[in-house]
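Here the structure comes first, spelled out in structure tokens, and everything after it is commentary.
The values are calculated or read from the model by the stated rules, or taken from the named source; none is laboratory data. Note that the coordinates shown come from a computational prediction; the quantities given were computed from them, not determined experimentally. Note: ideal-geometry Cβ built from the backbone for every residue, glycine included; neighbour counts use all protein chains shown. Surface areas here come from the heavy atoms of the whole protein model, side chains and all, with no ligands, DNA or RNA. Shrake-Rupley method; radii C 1.70, N 1.55, O 1.52, S 1.80 Å.
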Amino acid sequence: MMHAGIAWDATGFHVAVVDKFGKIVTPAHGYQADEIQAMIDFLHENGSQAVIDNTNGLLGGQLTAAGITVYRSDHGDPSELPLLGSISAEKLARMALRGHPTLTRLAADSGTHFGRDKELSAGYEAGVAALAAQPAPGGFIDHGPRDDARIALTFDDGPFPPYTEKILDILDHYSVPATFFCVGLNSIAHPGLMQRIRDRGHGFGNHTWSHPHLPDLSEPQIIEQLRRTGETISAFTGDSAPPFFRPPYGALPPGPYDWLTTVRATTVLWDVDSKDWSRPGEDAIARLVLDRVRPGSIVLMHDGGEDRSQTVAALPTIIETLLDRDYRLVRVDDLLEGSSSV
């Protein structure tokens, strides 16, 4: 059995393969951010198991869906990492060979951070606590004003074909806007989708460069993730960096949050989670949103990461029902206009 390590950096991914003796069979080979399918084909051709690390939240679902055995390596020392990137592909490959104790096998349809439920929950709770405390600098918000029948639909983890295109088609059909919290690596991989989001008048938010669990990173590494993503989005919009930031999984490291001075963005959580990431079925997604939504709600959905066909199927029912209830669907910036929480 061959073992492949998959590292990432500012432009894409690097794959190195070692044999059962730890000898490098294939030195690190680079794949641009838009060449994930070519990387998957290479892994199949070499019969390789794959190891990614916990700063890479993009590949777990895609690789397992392609039938590849994937392990995640968890390490707790951000000093092992560059400012933007992971540990080396060769090191990751050799971890699989040694049966490293930090390895977790990812289950199909589980997402990259499978098995870290308590940590993800703790990070989200830190975000909710920050929201309640409203520390300065930087604002935290999970909904807009409750006295106005406006709602914001938001989509995370894209752009990601074919689902982003299909979601944009539906939004076009109903002439409603949304806000897309984009991942940096996906943004440089799919510039046409970024341009279409912009051209259709939708809003943008910053969702980091590699979709990591932010408590795993140092403050300088978090800032660089957000800085690079903000610059990439700005290159498409022609505007300054997007005014909104959403942490992956809603997870923040413990405060204080002085680093938000550098980011200069409102941290946007949500009050309605569609649970579409768990793929419970289109009816369950629609029902959950429609049962919980209220004036000012920010609805969390996903257009990227892995198979989002259920989200696409549920979206027309969600939009039609909300419009029938006389809600007005707006971008996050319009929802928060005039709100003292921003």
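Could you calculate the FRET efficiency of Ser278 with Asp19 from 1/(1 + (r/R0)^6), where r is the beta carbon distance between them and R0 is 35 Å, rounded to 0.05?
0.40
Run lengths n ≥ 4 of DSSP H only: what is the helix-derived mean residue ellipticity at 222 nm for the chain, with -39500 (n - 2.57) per run over all residues, to the nearest 500?
Per the formula, -11000 deg cm²/dmol.
If you build a Gaussian network model of the chain, linking Cα atoms that sit under 10 Å apart, which residue out of Leu323, Leu214, Leu171 swings the most?
Leu323
In degrees between 0 and 90, to the nearest 10, how far off the longest principal axis of the chain does helix 163-174 point, with axes built from Cα atoms?
So the helix axis and the longest Cα principal axis differ by about 10 degrees.
Pull out a ≥ b ≥ c, the square roots of the eigenvalues of the alpha-carbon gyration tensor of the chain, then state rounded if a/c is under 1.5, prolate if not and a/b is larger than b/c, and oblate in the remaining case.
Prolate shape, in that a/c is at least 1.5 and a/b is the bigger ratio.
Mind pulling the angle between the C-alpha long axis of helix 117-133 and the longest principal axis of the chain? Nearest 10 degrees, somewhere in 0 to 90.
It is inclined by approximately 40 degrees.
Order of 280-287, 206-213 by packing, highest average Cβ count within 10 Å first?
With the highest mean Cβ count within 10 Å placed first, the list reads 206-213, 280-287.
When the accessible area of the chain is computed with all protein chains present and a 1.4 Å probe, what percentage of it is carbon and sulfur?
49 percent
Label points 7 Å out from Cα along the Cβ direction at Ser88 and Asp9: separation in nm?
Calculated label separation equals 1.2 nm.
Is any residue of segment 220-260 close enough, with backbone N under 14 Å, to a label point placed 7 angstrom from the Cα of Val128 along the Cα-Cβ axis, and if so, which?
Once the point is set 7 Å along Cα→Cβ of Val128, 250-252 turn out to lie under 14 Å by backbone N, inside segment 220-260.
For helix 282-292, what angle does its Cα long axis make with the longest principal axis of the chain, in degrees from 0 to 90 and rounded to 10?
50 degrees
Asp148 to Asp258: FRET efficiency via 1/(1 + (r/R0)^6), r the Cβ-Cβ distance, R0 35 Å, to the nearest 0.05?
According to the calculation, E is roughly 0.60.
With the other protein chains left in place, how much accessible area per residue, in square angstrom, belongs to segment 59-131 at a 1.4 angstrom probe?
So segment 59-131 comes to 46 Å² accessible per residue, rounded to a whole number.
In what sequence, highest mean first, do 218-225, 2-9, 143-150 appear when ranked by Cβ atoms within 10 angstrom?
2-9, 218-225, 143-150
Quick one, can you get me the convex hull of the C-alpha atoms of segment 175-236 expressed as volume per residue in Å³?
71 Å³
Could you name the lysines in cross-link range of Lys20, using Cα to Cα under 17 Å and dropping any fewer than eight places away on the same chain?
Lys91
Hey, in the GNM for the chain with a 10 angstrom Cα cutoff, which one of Val272, Val293, Val183 fluctuates hardest?
Comparing Val272, Val293, Val183 in a Gaussian network model of the chain, the most mobile one is Val293.
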